[in-house]
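Colleague: Input: one structure, supplied below.
FYI, it's all coordinate maths here, none of it is from the lab. It should be emphasised that the depicted structure is a prediction, and the values quoted were computed from it without experimental measurement. In this analysis, Cβ positions are derived from the backbone assuming ideal geometry, glycine residues included, and neighbour counts consider all displayed protein chains.
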Amino acid sequence: MFAFALRRLAQSLPLLLLVSLLVFALLHAAPGGPLSTYLENPNVRPQDVERLRRALGLDRPLHEQYLAWLRAFVIGDWGYSFSDGRPVAERIAERVPATLQLIGASFALALLAAVPAGVLAAARRRGAADRLTTLVGAAGTALPVFWLGLVLQLVFAVALGWLPSSGRETVGGGDLADRLRHLVLPAVVLAVAHAAGWTRDLRVSMRGALGERFIAAAAARGASRRAVVWRHALRVALPPFATVVLLDAALVASGAVVTESIFAWPGVGSLFTESLARRDYAVLMALLMCSAAAVVAANFVADVVHRALDPRLAR
Amino acid sequence: MSVPHRAAGHAAAGVAPRISARVLAAVLLLACAGDARRGTPPSNELLIVGYDREPDTLNRYSTHILEDIESCVVEGLVTTDERMNVVPVLAAEVPTPENGGVRQRPDGGMDVTWRLRPGIRWHDGTPLTSADVKFTVDAINDPTYNPESTDGFDRIASVDTPDSLTAVVHYKEVYAPYTLQFVRGLLPRHVLQGRDIDRAADYNRAPLGTGPYRVAEWKTGEHILLERVPDYWRGSEYPRIRRILFKFLTNTNTRVNQLKAGEAHVVALLPWDKFREVSAVPGIVVHRMPGNAYEHVTLNQRHFPPFAELAVRRAVAHAVDRELIARTILDGLAPVTDGAIQPLSWAYADDIRRYPYDPARARALLDSAGWRDAGGDGAREKAGRRLAFTLITQAGYAIRESVAQTLQRQLAEVGMDVRVQLVDGTSISALWFDGKFDAMLHWWHMSADPELTLFFAADRTPPQGRNINYLADDSLTRVLYASDRTVDRARRRALLQAAQRRIAELAPEVPLYSITRLDAIPATLRNFKGNPTHTGIFWNVHEWEIDPTGTGNPAPGTGQLPGHREPGTGTGEAAMGPSIAAAGRDQSAPGAGSPVPGSR
C-alpha cells in the first residue's frame, strides 16, 4: 500500500509541473492583465500603470516570472494577492471552510437521493421508479444551476419568506439554525445537479452488477431479495460510483462557481470568480494548482477506496 | 434473471426511500425552523446595502474600486456634492486665489494653503494635524508604496507645516485640479509612519479615519459592518443610523432578490434593465441622477484612416439617430449628450456645433468627399478602399449590444459597412490601450474636475493618455494645456468651453448619451442626495436617516418614469451591468447571470 502511494505520488509530480506551466501560459496569453482593469479610470495615469507593472513584477520576461513563481511556490511561498496585497495562502485558507461545508451538505443530500434512486431504478428496470428517476434525472441534469438557484430564491426567499435568499449567516445572528437555514438553498441546488448524474451512474453500475452470475447464484442459494440487491450487487456497484463521487468532490472543491456566486457563498468558487475578473495571477495560479492537486489526490483516494471496496483488487 | 431482481426491488423500495425521506424531512424542518422572518425593515439601527463586489482594500489611496465604504470612514479635506461642487470637509474652506489660499509663484509654480478645521481627531483620539497632510504627500511619492494613482502628487515639490492646522503645498507647476488633491483623505502619520503601507493589513482592512463610521467587522467574502463613532466632529447627533452593513452580492439578480425579500435595503448602481422591476418593489424607490459619464463611439483615425477625414466623421455623427436609441433601447433613462462634459458641470458649453440625425446630409457629406458606392454593394468606396470597419464593444451587456446593432443598421443606410464585434471586459481595455480597433462603443467616466487634456490633446495618445481617437489638432491641444494651467475659475471655464467648441467642430467621436446613475433606496430614507462622480452616494451618509413615520423624503426625480416609450421595445434581458453603470474604477465585476454558464 505504501509503495503504491509512493508510486502514485511520483507519477503525479511531473503532471502537476506540466499543469502549472500550461496554466501559467494560458493565464498570460489571455488578453488583458491585472493592470488593464485600471485603464478606464482617468485618475490612473500612464506612469501609474508602469509603476504598478514593475511593482507586480509583470515587466520581467515571462519565463523569469514563471521560474520565480515556481521556486517560491514549491517552498510554500505563494506570494501576495495582486488585488488586496494579503498573502495568497491566507486568502485561500479563509475560503475553504465555507466550500467544504457546502460540498458536505450538498453531497450528503445528493447521496441520500441518488443511492436509493439508482438502486431502485436498476432493480426494477423499466418499472415506474426507473422511468421516474430517468425523467427526474434528465431534468436535474438539464436545469442550469443559475436558473434553478434564482427560481428557488424567488420561491423560498421572496415569495414565501421561509429561507434567506443568500449569504452564509445572518450578521450577528449566526446560531446553528440560522446557518442551516442559509445552507439549504445552495446545498439543494448543488445537490440536484449532482444527484441527477449520480443516479444514472449508479443505475448503470447496478445493472452491470445485477447481471453477474454470482448474483444469480446468491439468489439461488436463498439469499433474501433485499440482501441480493443491497449487499451483493451494491457492493460491486459501489467502487466505480465512489470514484465518480470523489472526482466530483475534487472538482467542486475548486469552486462551485455559479452556486457560490448566486448565493453569495463565501467559498473558494467566489474567490476564483473575483480573482479571474481582476486577473489576480497570484491567487489564480495558487487556486488552479490546488484544484489540480485536489483532482490528483481524489484519484488517489478513489483508487485506495476502490481497492478497499472491491475484494478482487485487494488481492 | 428478471424475477429475483423485480422482487428485490420491492424490498429496496421498502427501506431506503423511507430512511432518506425521514432524514431529508428532518434536515428541512431544522433548517426552516425558528422565526421565518422576511428580512428586517430598514431602521436607524441597521441599514443593509447590497454591494456588487468586495473591496480589495479599504485604503482609499490603494483601492482600485469605488470608495463607497471608505468614504463612510475616511474623510477627505473636501468632497464633491450632488452637483459636483467641491465642498470642504476636514478643510476649513476650499483654497482659492480669492481667499488667499492659492498663490502663483514667479518661478511658474504654485502654493496652495490648506487650513484644517480645528478640533478634529482621528478615531483613536489623536488630533488630526497638518503633519498628516505632509505625511500623506510624502507617502504617496515614496517609491516603496504603490497607491492606485499618484496623479497630482507627482507635481508637488514639498509641503510646509507652519502650524498644526496649516499645510502649504508647493507645486512645481500650476495645477488646476488642486482642489481635489486630498479628496481621498489623509493617511494617519502616527499609524503608518515607517511602515510598508502595501502590507499594513491592520490599516488597509480597518482604516483609521475621522468619518462618521468605523469598521466593526470585515468578514471576507461576506460583508463589512460599519458602526457609528460616538463623538463625530459634526456633532453627537450624527450619524443618525447606528450601523451600516455592506453585503457582497456579485450577482445582480441576487441583489434584486435580496431587495425584494427585505434582506437588503440599498442597492447602489442598479443596472438600467432592472429599473422597472425594482421600482415596483414596495418600500423601495429608485433614485435617478445623471452621472458624470458619457457613452460614445470612438473613431480611431490611426487604425482606420478614413476617419481622419472630417467629412467622414461628421457623416457618421449625422447618420446616428441618438434620440431613437435613447427613447427605445434606453427606455428613456439616459439623455442624449453632445460632448464629453455633461450639463451638470460648471465647465459645460451649450453653444457648440451639434449633429442632428440627418441621413441625407450624411450622404451628401460622403458624396462630396468622394466616397461613392461604385460597386453597388451598399458600401461606399474611395481610391480602392471600402468604407467598411469593425465596431467593437464590451460583451455581456444587452443594452450595448442592441445599441451597437442599431448603429450598424443606421450607418448602413448611408453607405457604411459596419461589423460588430463583442469583446470581453478585460480584453477590450487592452485592445483600446494598444489602439487596435477601428471604432469602439464605450464610455468614459470623467473626473469631477473637468479636465479634457487626457482625452483629446495630440500628445496624449496611449500610453501617454486616453486620446484613442488619435486626434491631432494643434490649436485644441494648446487650449487644453492652457486650461490645465489656469486656476482662475472663470478663465478656466472660458478655455474649456473653447475646447468643447473646437472638439464639436472636429467631431473626433460621436457622443451618444449621458450615463444615468440609478440607486435603489428605501422610501423611508431621508436626506439621500446621490452623487454623479466617483465620490459615490455615501458622501453625506452622516445626514441619512430612516424616517420612522415611513414617508421619507425622496429626492426629485426619484422613481419617475420617462414619458416616451415605444410599444414593443425594452431594455433587453441582460443587465447593463457594472461596466456601464458603475463608475469606471473596476470594470471587472461579473455582471448579471453566471460567469461560467453551465458549470456548477
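Colleague: Taking square-rooted eigenvalues a ≥ b ≥ c of the alpha carbon gyration tensor, is chain B rounded, prolate or oblate, where a/c under 1.5 means rounded and, failing that, a/b exceeding b/c means prolate?
Modeller: It comes out oblate by the Cα gyration axes.
Colleague: Any idea which of B:G39, B:V133, B:N99 is furthest toward the positive side of the dipole for chain B, if Lys and Arg beta-carbons carry +1 and Asp and Glu beta-carbons -1?
Modeller: Result: B:G39, furthest along the dipole toward the positive end.
Colleague: Can you figure out the FRET efficiency of B:I352 with B:T144, using R₀ = 35 Å and their beta-carbon distance, to the nearest 0.05?
Modeller: 0.15
Colleague: Okay, moving on. Excluding A:A89 itself, calculate the net charge of residues whose Cβ lies under 15 Å from the Cβ of A:A89, where each Lys or Arg counts +1 and each Asp or Glu counts -1.
Modeller: That sum, taken over residues with Cβ under 15 Å, equals -1.
Colleague: A further question on this structure: Just going by the charge dipole of segment A:51-177, with Lys and Arg at +1 and Asp and Glu at -1 on Cβ, which of A:L52, A:Y80, A:A138 is farthest out on the positive end?
Modeller: A:A138
Colleague: With just the Cα atoms defining each centre, how far is segment A:116-162 from segment B:214-230? Give it in Å.
Modeller: 39
Colleague: Okay, next question. Amide H neighbours of B:A157 under 5 Å, at least 5 residues apart or on other chains, H built in the peptide plane: list them.
Modeller: B:H170, B:Y171, B:K172
Colleague: How crowded by other chains is A:260-271, given as the mean number of beta carbons from other chains within 10 Å of each beta carbon?
Modeller: 5
Colleague: Could you please state, rounded to a whole Å, how far the C-alpha centre of segment B:381-442 is from the C-alpha centre of segment A:62-108?
Modeller: About 39 Å separates the Cα centre of segment B:381-442 from the one of segment A:62-108.
Colleague: Continuing with this model, one more query. What order do you get for A:30-39, B:192-201 when each peptide is scored by the mean count of other beta carbon atoms within 10 Å, highest first?
Modeller: A:30-39, B:192-201
Colleague: Just counting partner chain Cβ atoms within 10 Å, what average do the residues of peptide B:461-474 show around their Cβ?
Modeller: Mean number of neighbouring Cβ atoms from other chains: 1.
Colleague: Let me ask something else. Under 5 Å between amide hydrogens, which residues at least 5 positions from B:L512 or on another chain qualify, with H placed 1.01 Å from N in the peptide plane?
Modeller: When sequence neighbours closer than 5 places are left aside, the close amide H contacts are B:E295, B:H296, B:V297, B:T337.
Colleague: While we're on this one: How big is the Cα convex hull of segment A:75-228 in projection, averaged over all directions, in nm²?
Modeller: One quarter of the hull surface, i.e. the mean projection, equals 15.0 nm².
Colleague: Considering amide H positions built from the backbone, and no H for Pro or chain starts, which residues 5 or more places from A:S81, or on another chain, come under 5 Å of its amide H?
Modeller: The list, which skips near neighbours in sequence, is A:R86, A:V88.
Colleague: Where the only charges are on Cβ atoms (+1 Lys, Arg; -1 Asp, Glu), what is the dipole of segment A:1-120 about its Cα centre, to the nearest 20 debye?
Modeller: 260
Colleague: Averaged over peptide A:98-105, how many Cβ atoms belonging to another chain are found within 10 Å of each residue's Cβ?
Modeller: Per-residue shielding by partner chains comes out at 1.
Colleague: With θ set to phi - 60°, apply the Karplus curve 6.51 cos²θ - 1.76 cosθ + 1.60 along segment B:181-190 and write out the HN-Hα couplings as whole Hz, x wherever there is a Gly or Pro.
Modeller: Values, residue by residue: 4, 10, 5, 8, x, 10, 8, x, 4, 5 Hz.
Colleague: Going through segment A:83-182, which trypsin sites (Lys or Arg not before Pro) have at most 11 other Cβ atoms within 10 Å and a DSSP loop state?
Modeller: Hits after loop and neighbour filter: A:R126.
Colleague: With helices defined as uninterrupted DSSP H runs, which ones in chain B have an alpha carbon span along their own long axis of at least 30 Å and mean Kyte-Doolittle hydropathy of at least -1.0?
Modeller: Sorted by number, the helices that extend far enough and score high enough are B:2-32.
Colleague: Let me ask another. Run the dipole for chain B about the Cα centre, Lys and Arg Cβ at +1, Asp and Glu Cβ at -1, nothing else charged, and hand back the magnitude in debye, nearest 20.
Modeller: Here chain B has a charge dipole of around 1060 debye.
Colleague: Separate question: Which whole-Hz ³J(HN,Hα) couplings does segment B:268-282 yield from phi under the Karplus relation 6.51 cos²θ - 1.76 cosθ + 1.60, θ = phi - 60°, glycine and proline marked x?
Modeller: Per residue, the Karplus-derived 3J(HN,Hα) values read 7, 6, 6, x, 4, 6, 9, 4, 5, 4, 6, 4, 7, 6, x Hz.
Colleague: Span-like helices, chain A: DSSP H, alpha-carbon axial extent 24 Å or more, mean Kyte-Doolittle 0.5 or greater, which ones?
Modeller: Span-like helices in chain A: A:2-29, A:96-123, A:176-210, A:234-253, A:281-309.
Colleague: A further question on this structure: Rounded to whole Hz and in sequence order, give me ³J(HN,Hα) for segment B:91-101 from the Karplus expression 6.51 cos²θ - 1.76 cosθ + 1.60, θ = phi - 60°, writing x for Gly and Pro.
Modeller: 7, 5, 7, 7, x, 9, x, 5, 8, x, x
Colleague: Placing +1 at every Lys and Arg Cβ and -1 at every Asp and Glu Cβ, with all other atoms neutral, what dipole size does segment A:195-246 have around its Cα centre, in debye to the nearest 20?
Modeller: Value, rounded to 20: 200 debye.
Colleague: Tell me whether chain A comes out rounded, prolate or oblate; compute the Cα gyration tensor, take square roots of the eigenvalues as a ≥ b ≥ c, and use a/c under 1.5 as the rounded threshold.
Modeller: oblate
Colleague: Who wins for biggest fluctuation among A:V296, A:V74, A:V236 in a Gaussian network model of chain A, springs between alpha carbons below 10 Å?
Modeller: Highest fluctuation of the listed residues: A:V74.
Colleague: Can you compute the helix-only [θ] at 222 nm over the protein assembly as shown? Use -39500 (n - 2.57) per DSSP H run of at least 4 residues, normalise by all residues, nearest 500 deg cm²/dmol.
Modeller: Result for the protein assembly as shown, helices only: -13000 deg cm²/dmol.
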